Amino acid sequence: MKQLILSAALIAASLATAGAQTAKTSGNPVFKGWYADPEGAVLDGQYWIFPTYSAPYDEQTFMDAFSSPDLVTWTKHPHVIDKKGVSWAKRAMWAPAIIHANKKYYLFFGANDVHQGEVGGIGVATADRPEGPYKDALGKPLINDIVNGAQPIDQFVFRDDDGKYYMYYGGWGHCNMVRLSDDLLSIVPFDDGTTYREVTPKNYVEGPFMLKRKGKYYFMWSEGGWGGPDYCVAYAIADSPFGPFERVGKILQQDPAIATGAGHHSVIQVPGKDEYYIVYHRRPLTETAANSRETCIDRLYFDKDGHIVPVKMTNEGVKAVKNPKRK
């Protein structure tokens, strides 16, 4: 009898342990603290998130980064860049974009909440490791001026299959597209000789992001006011990185049972798989302050026709995924 009881207890314990292992998720938010505008990426065999430190502009003078082997367990890398290493940055450092090229890591960022006639805009810093430290590569902004009405913020760098680098950026309801040089440190003309091309879709506010899947270009952006509950994400599908980007609909928005202010996202693709995760910020239901934003992650799905299925926000987050392969 004792042996039967012991065996039953061992089986129960084993099932409980297995259940705990299979049920383990990232939870949302994925890490503590107020963080926004998260840029997700796969770098050096790890998943990474580079977010904005969400605080008043005069306190927003550095950026942390977070790495994970599985999207569930995250390690903080504090102050991968701060204004001490960027001579022209004084405040409002936000919305990082990260890319690996030329055996280096390039971190693009906005600084100073620039207006015409002021110094600020989009800068670029480089490092030998994903966790930095990143140092200003130019000693000045890459883009300082207001072109086509677009404040130079919220940049996203996209590498197309032909190896060309494009940057989409812009606030104040306008989105520009530029082509970057192979060393990612300057802007070069398009084939028609132009340098800046406006690609603003309907209802665009800020936070552009580009994803290529099965030959189609999925252009996404944020709508509404970032400090309010109606912040959201919409998208378009095009056959070219230049568009035209005709708005399809919303894919991420507030849920009265979960959170408000859901927006300014990025997407992580599991290397070699048609598997995607959306990384975004949102405001807890208990919060109303503009800077009370936390970084979250949920699954992103496509339907059989290639449209993006509206994201279901969760408190559980995502299950562990296999460590990405090093390139």
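The values are calculated or read from the model by the stated rules, or taken from the named source; none is laboratory data. Keep in mind that this is a model prediction, so the values were computed, not measured. Cβ coordinates were reconstructed from backbone atoms using ideal geometry, including for glycine residues, and neighbour counts include every protein chain displayed.
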Review point. Identify, please: which residue in region 153-203 is surrounded by 12 or more Cβ atoms within 10 Å (Cβ to Cβ) and acidic (Asp, Glu) and is, among those, nearest to Phe245 (Cα to Cα)?
Key: Glu198
Study note, to complete from the structure: Filtering region 271-291 down to residues that are surrounded by fewer than 17 Cβ atoms within 10 Å (Cβ to Cβ) and in contact with a Pro (Cβ under 7 Å, 6 or more places away or on another chain) yields Pro271
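Looking at Asp37, Asp70, Asp64, Asp58, which is the one that is over 26 Å from Trp226 (Cα atoms) and among the acidic types (Asp, Glu)?
The match here is Asp70.
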Review point. Just wondering, is there one or more residues in region 42-49 that are over 21 Å from Lys103 (Cβ atoms), surrounded by fewer than 24 Cβ atoms within 10 Å (Cβ to Cβ), among the small types (Gly, Ala, Ser) and in contact (Cβ under 8 Å) with a residue 40 or more places away in the chain?
Key: no
Point to revise | Of all residues making up region 26-41, the number that are aliphatic (A, V, I, L, M) and free of Cβ contacts under 8 Å to residues at least 40 places away in the same chain | key: 0
Check your understanding: Going through region 173-193 one residue at a time, which ones are in a loop (DSSP other than H, G, I, E, B) and under 28 Å from His100 (Cβ atoms)?
Key -> Cys175, Ser181, Asp182, Asp183, Leu184, Leu185, Ser186, Pro189, Phe190, Asp191
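Restricting region 84-105 to residues that are of a type in the set (A, V, I, L, M, F, W, C) and part of a strand (DSSP E or B), which is surrounded by the most Cβ atoms within 10 Å (Cβ to Cβ)?
This residue is Ala95.
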Exercise for review: Tell me which residues, restricted to region 60-80, are in contact with a strand residue (DSSP E or B) (Cβ under 9 Å, 6 or more places away or on another chain) and outside any strand (DSSP E or B).
Suggested key: Gln60, Thr61, Pro69, Asp70, Leu71, Val72, Trp74
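Looking at the structure I just gave you, is Glu198 closer than 24 Å to Ala125 by Cα, of a type in the set (Asp, Glu) and either in contact with a strand residue (DSSP E or B) (Cβ under 8 Å, 6 or more places away or on another chain) or at pLDDT below 95 (or both)?
In short, no.
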Practice item. Go through (1) assigned to a loop (DSSP other than H, G, I, E, B); (2) out of contact with any His (no Cβ under 8 Å at 6 or more places or on another chain); (3) of a type in the set (Ser, Thr, Tyr) one by one and return the number of the condition Thr200 breaks. Key: (2)
Check your understanding: Does Thr61 satisfy the criteria of being farther than 21 Å from Ser181 by Cβ, hydroxyl-bearing (Ser, Thr, Tyr), at pLDDT 95 or above and crowded, with 23+ Cβ neighbours inside 10 Å?
Key -> no
**Study point:** Every pair of residues 6+ apart whose Cβ atoms lie under 6 Å, when the first sits in region 106-120 and is among the β-branched types (Val, Ile, Thr) while the second is part of a strand (DSSP E or B) and crowded, with 18+ Cβ neighbours inside 10 Å
**Key:** Val114/Gly121
Exercise for review: Can you give me the number of residues within region 83-126 that are more than 18 Å from Gly207 (Cα to Cα) and within 19 Å of the chain's Cα centre (by Cα)?
Suggested key: 6
